[in-house]
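The values are calculated or read from the model by the stated rules, or taken from the named source; none is laboratory data. Here the structure is a predicted model, which is why all the values come from computation and not from measurement. Methodologically, a virtual Cβ is constructed for each residue, glycine included, from the backbone with ideal geometry; neighbour enumeration extends over all protein chains shown. Quick note on the areas: whole protein, heavy atoms, side chains included, nothing else; ligands and nucleic acids left out. Shrake-Rupley method; radii C 1.70, N 1.55, O 1.52, S 1.80 Å.
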Amino acid sequence: MIVVMKPGSSQKQIDHMIERIEEMGLRSHVIVGTDRTVIAALGEKRDGAKQALETGEGVEKVVPILAPYKMASTEVKKERTVVKSHDLKVGNCHIGIIAGPCSVESREQILEVAHIVKEAGAAGLRGGAFKPRTSPYSFQGLKEKGLQLLAEARAATGLAVVTEVMAPEQVQLVAEYADVLQVGARNMQNYPLLEKVGEAGLPVLLKRGPSATLDEFLLAAEYILKTGNTQVMLCERGIRTFEDHTRFTLPLATVPYLHQTTHLPVVVDPSHGTGKASLVATMAKAAIAAEADGLIVEIHPNPEVAMSDGFQALTPPAFRQMMQECRKIAAAVGREM
Ligand code: PEP
Ligand code: MN
């Protein structure tokens with residue numbers, strides 16, 4: 001249920017309602033809006049709870065939440081969430097660009113890429129230190145050394161570091177170095193991981209599982225939101241279909257659909273979504289035209305020698321050109337990049 005307070009209701013009235021909600025064995029989650037406060041009362045349905053709460057002082061109405069994802073839903077929060085870290089701003093007309101290599105490979109590589117990313121006007125640096133590889137014989141990432149190199153790249157450029165955490169027991173270590181915790185597509189429904197990541201308190205980039213429906217995706221986000229962490233970005237990175245001319249199929253209707261159903265920002269990954277460098281810039285532009293709140297893009301100084309995903313990495317000149325073209329599209333759809 002959502003307890004909608006009257007405009008101008010007092011803090012005392014709000015606190016009183018929180019107390020009443022919690023006395024009923026429900027959890028409360030307060031959302032302060034520009035003209036009114038709403039309190040989401042979450043938990044198992046109780047007979048008579050709606051009527052009881054409706055009599056509270058300062059309460060305008062109590063409405064049921066129809067969406068299965070309670071806190072992610074626009075029913076609970078109309079205002080768009082903006083995820084922020086350093087200069088990275090994602091959501092509500094702010095387009096945040098995150099770019100970098102698939103994997104952190106060496107000090108030289110990540111520092112070179114970080115400067116390229118910064119100079120092109122992006123605000124987030126991506127790079128995997130713990131890599132979820134399909135084959136156990138493929139490069140698994142530099143692990144803590146990779147995290148240290150990412151932190152060094154942040155110190156040199158001021159970019160926000162976005163990096164993947166693969167297991168609950170890694171969260172503490174990764175959170176010491178990262179600015180944004182990435183949950184990879186393979187782990188979208190790893191619920192203990194989602195909870196741990198939520199509790200770390202850092203912004204989260206949650207990637208869609210290649211076979212997950214959008215309801216499953218939103219319910220996965222709900223696990224993070226339920227910890228009280230509201231800084232969650234959803235990332236469409238392509239789904240598995242019968243089609244095999246691209247690595248995955250990138251469904252861009254996800255963006256406007258999620259904008260209708262959730263206040264959380266939506267980021268698109270045209271790199272994993274296509275798996276082909278030659279397709280990335282066009283799909284990046286299409287994503288911005290579809291009003292995506294951000295992009296996460298793989299780039300490499302020399303894609304031919306990349307230790308992972310080189311075939312989908314943009315070269316630095318191609319990335320710069322993509323940025324220039326995306327800016328024009330952003331302006332055309334009334335957004336800031
Ligand atoms: C990545 O971003 O490098 C990655 C492994 O992506 P995904 O989880 O979407 O496959
Ligand atoms: Mn990759």
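Considering only residues of the range 205-221 that are over 12 Å from the mean Cα position of the chain (by Cα) and aliphatic (A, V, I, L, M), which is nearest to ligand 2 (Cβ to nearest atom)? Walk me through it before giving the result.
Of the range 205-221, the ones over 12 Å from the mean Cα position of the chain (by Cα) are 209-216, 219.
Still in the running and aliphatic (A, V, I, L, M): 212, 214, 219.
Working: A212: 18, L214: 22, L219: 25 Å.
Filtering the range 205-221 for residues that are over 12 Å from the mean Cα position of the chain (by Cα) and aliphatic (A, V, I, L, M), the one nearest to ligand 2 (Cβ to nearest atom) comes out as A212.
Inside the range 173-204, can you point out the residues that are within 16 Å of ligand 2 (Cβ to nearest atom) and part of a helix (DSSP H, G or I)?
Selection gives A185, R186, N187.
Say whether the condition of being touching a strand residue (DSSP E or B) at 6+ places or on another chain (Cβ under 6 Å) and more than 24 Å from Q260 (Cα to Cα) is met by at least one residue in the range 289-305.
Initially, the range 289-305 is screened for residues touching a strand residue (DSSP E or B) at 6+ places or on another chain (Cβ under 6 Å), giving 292-297, 299.
Next cut, more than 24 Å from Q260 (Cα to Cα) only: 297, 299.
Yes, the range 289-305 has at least one match.
Evaluate the following for Q231: is it of a type in the set (S, T, N, Q), surrounded by 19 or more Cβ atoms within 10 Å (Cβ to Cβ) and more than 16 Å from ligand 1 (Cβ to nearest atom)? Steps first, answer last, please.
On the way: of a type in the set (S, T, N, Q): yes; surrounded by 19 or more Cβ atoms within 10 Å (Cβ to Cβ): yes; more than 16 Å from ligand 1 (Cβ to nearest atom): yes.
It is true that Q231 is of a type in the set (S, T, N, Q), surrounded by 19 or more Cβ atoms within 10 Å (Cβ to Cβ) and more than 16 Å from ligand 1 (Cβ to nearest atom).
I'd like to check which strands (runs of 3 or more DSSP E) are fully inside the range 93-172 and have at least 3 residues that are among the β-branched types (V, I, T). Working first, answer last.
Values: elements: 96-100, 124-126, 160-164.
Because the criterion is at least 3 residues that are among the β-branched types (V, I, T), the strands (runs of 3 or more DSSP E) in the range 93-172 that meet it are 160-164.
Pairs only if they're at least six apart or on different chains, beta carbon under 8 angstrom, first in the range 305-333 and on the phi > 0 side of the Ramachandran plot, second in a helix (DSSP H, G or I) and open to solvent by less than 10 Å² (accessible area, probe 1.4 Å); list them, first residue then second.
The qualifying pairs are D309/S271.
A quick yes/no check of all residues on (1) at pLDDT below 95; (2) open to solvent by 30 Å² or more (accessible area, probe 1.4 Å):
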site	(1), (2)
L42	yes, no
V63	yes, yes
M71	yes, no
I95	no, no
Q109	no, no
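Quick one: how many residues across the range 69-92 are in a strand (DSSP E or B) and of a type outside the set (K, R)?
Applying the first criterion (in a strand (DSSP E or B)) to the range 69-92 yields 73, 83-85, 88-91.
Add one more test, that the residue is of a type outside the set (K, R), and what stays is 73, 83, 85, 88, 90-91.
Looking only at that region, the number is 6.
Checking E243 against (1) outside any helix (DSSP H, G or I); (2) in contact (Cβ under 8 Å) with a residue 40 or more places away in the chain: exactly one of these is not met. Which one?
Going through (1) outside any helix (DSSP H, G or I); (2) in contact (Cβ under 8 Å) with a residue 40 or more places away in the chain one by one, E243 breaks only (2).
Could you please tell me which pairs satisfy a Cβ distance under 8 Å, a separation of 6+ or placement on different chains, a first residue in the range 264-291 that is free of Cβ contacts under 8 Å to residues at least 60 places away in the same chain and part of a loop (DSSP other than H, G, I, E, B), and a second residue that is of a type outside the set (D, E, K, R) and open to solvent by 40 Å² or more (accessible area, probe 1.4 Å)?
Taking only residues 6 or more apart or on different chains, the pairs are G275/F311; K276/F311; A290/A253; A290/P256; E291/P256; E291/V333.
Name the residue, out of K226, K196, that is at pLDDT below 95 and open to solvent by 60 Å² or more (accessible area, probe 1.4 Å).
Numbers: K196 fails: at pLDDT below 95.
After applying the criteria, what remains is K226.
Given E60, E19, which one is in a strand (DSSP E or B) and over 18 Å from T227 (Cα atoms)? Working first, answer last.
Numbers: E19 fails: in a strand (DSSP E or B).
Only one candidate qualifies: E60.
Let me spell it out: the conditions are (1) touching a strand residue (DSSP E or B) at 6+ places or on another chain (Cβ under 6 Å); (2) away from ligand 2 (no atom under 14 Å from the Cβ); (3) among the small types (G, A, S), and A156 meets all of them except one. Which number is the exception?
(1)
If only one of V117, V162, V90 is under 30 Å from R36 (Cα atoms) and open to solvent by less than 30 Å² (accessible area, probe 1.4 Å), which one is it? Steps first, please.
Values: V117 fails: under 30 Å from R36 (Cα atoms); V162 fails: under 30 Å from R36 (Cα atoms).
Criteria check complete, one pass: V90.
Look through the range 279-318, keep the residues that are within 11 Å of ligand 1 (Cβ to nearest atom) and of a type outside the set (S, T, Y), and return whichever of them is nearest to the chain's Cα centre (by Cα). Steps first, please.
Initial filter on the range 279-318 (within 11 Å of ligand 1 (Cβ to nearest atom)): 296-298, 308-309, 312-313.
Add one more test, that the residue is of a type outside the set (S, T, Y), and what stays is 296-298, 309, 312-313.
Numbers: I296: 10, V297: 14, E298: 16, D309: 21, Q312: 21, A313: 21 Å.
Checking each candidate, the answer is I296.
Scanning for something touching a Cys at 6+ places or on another chain (Cβ under 7 Å), open to solvent by 10 Å² or more (accessible area, probe 1.4 Å) and more than 16 Å from ligand 1 (Cβ to nearest atom), does the range 259-278 turn up at least one residue?
Checked the range 259-278: no residue is touching a Cys at 6+ places or on another chain (Cβ under 7 Å), open to solvent by 10 Å² or more (accessible area, probe 1.4 Å) and more than 16 Å from ligand 1 (Cβ to nearest atom).
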